[in-house]
1. Taking θ = phi - 60°, what integer Hz values does the Karplus form 6.51 cos²θ - 1.76 cosθ + 1.60 yield along the stretch 114-119, in sequence order, with x for Gly and Pro?
2. May I ask you to evaluate 6.51 cos²θ - 1.76 cosθ + 1.60, the Karplus curve with θ = phi - 60°, for each residue of the stretch 13-27 and list the ³J(HN,Hα) values in order in whole Hz, giving x for glycine and proline?
3. If I model a spin label at F12 and S64 as a point 7 Å from the Cα along the Cα→Cβ vector, what separation in nanometres do I get?
4. Quick one: of K131/K178; K27/K178; K27/K131, which pairs are farther than 22 Å apart, Cα to Cα?
5. Distances longer than 19 Å among the Cα atoms of the stretch 1-100: what percent of all pairs is that?
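Nothing in this text is a laboratory measurement; each read-out follows from the coordinates by a stated rule. For clarity, every value in this text was computed on a predicted model and none was experimentally measured. Reconstructed Cβ throughout: ideal geometry from the backbone, glycine too, with neighbour counts over all protein chains shown.
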Amino acid sequence: MALGANFLLSTFETHLPLPQGNQVIYKPIIMQAYFYFPIIKQNTRHQLAFYIEPAIFPVILKPSSSGLNIISDYTVAFEGGFNGGFVYNVLLAENLAFFTGIGSGPYYFSTENSRQYKGYLFSDNVIFGFKTRFGSSAKKIKDMEMIFHIRYRHISNARFFLPNGGVDNIFMGIGFSKLIQANYLFKNKNKQNEAGNERR
C-alpha cells in the first residue's frame, strides 16, 4: 500500500466559450492525494492495483484576448472530485517500473460556459508513466517512490444535462509516495539477504 500526492499541470490551452461571447483559457492546476492498494501482492514483476485520488484544486481562467502580463484579468475558480481505477505495473529494473491505468469518478466543474454544463459530472482518466523507488541508505529500505506520468482526462456528464461538449486535457505530472509495505512491488534484496544470513 502507498500513500502520497500528485501535482499535475495541463500541457496545452483549452479554450472555453463564455455565454457573453468571449473565451477564456482553462488551466487546471491539480494537486491531489494518492492512495494505492495492490490487488496481487505475491508477484514482484507484474502487479495490478486499485487506486483512489481525492482532490480540490484551483483553475486559472485567462481571457483569450489578454496578454501574458495582464495578470489582473485572470480569475481563479475551484474544482474537485474523486477518481478511482486500476493500475498495471511492470518492473523494468530493480527500482524502476512502468505503469498504465484507467480511472473514473464524480467531479464538480465550476466554470460557467457555453460548451459544458456547469455542475456535477464525470472525470475519465487514462494514465501512463514511470515510478522509481528510493529511500534512506541508513535504513537500507527503499520505501519512497517518485512518479512521473502523463494523463489524458475527459470530463462530461453523459448527456444528463446540456450543453455537454466535454472538456479534454492532457497533463504532465510528478508525484511522491510513501510505501506502507515496502516490498509490495520491488523486492528488497538486501532485506531478504539479511534475513537469510540471520537464519544461518
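1. Whole-Hz 3J(HN,Hα) from phi for the stretch 114-119: 9, 9, 9, 4, 7, x.
2. 7, 9, 9, 10, x, 8, x, 6, x, 8, 10, 10, 8, 9, 10
3. Between F12 and S64, the label points sit 1.5 nm apart.
4. Values: K131/K178 12 Å; K27/K178 29 Å; K27/K131 26 Å.
Over 22 Å apart, Cα to Cα: K27/K178; K27/K131.
5. On the way: 2858 of 4950 pairs.
Here the tail beyond 19 Å accounts for 58 percent of pairs.
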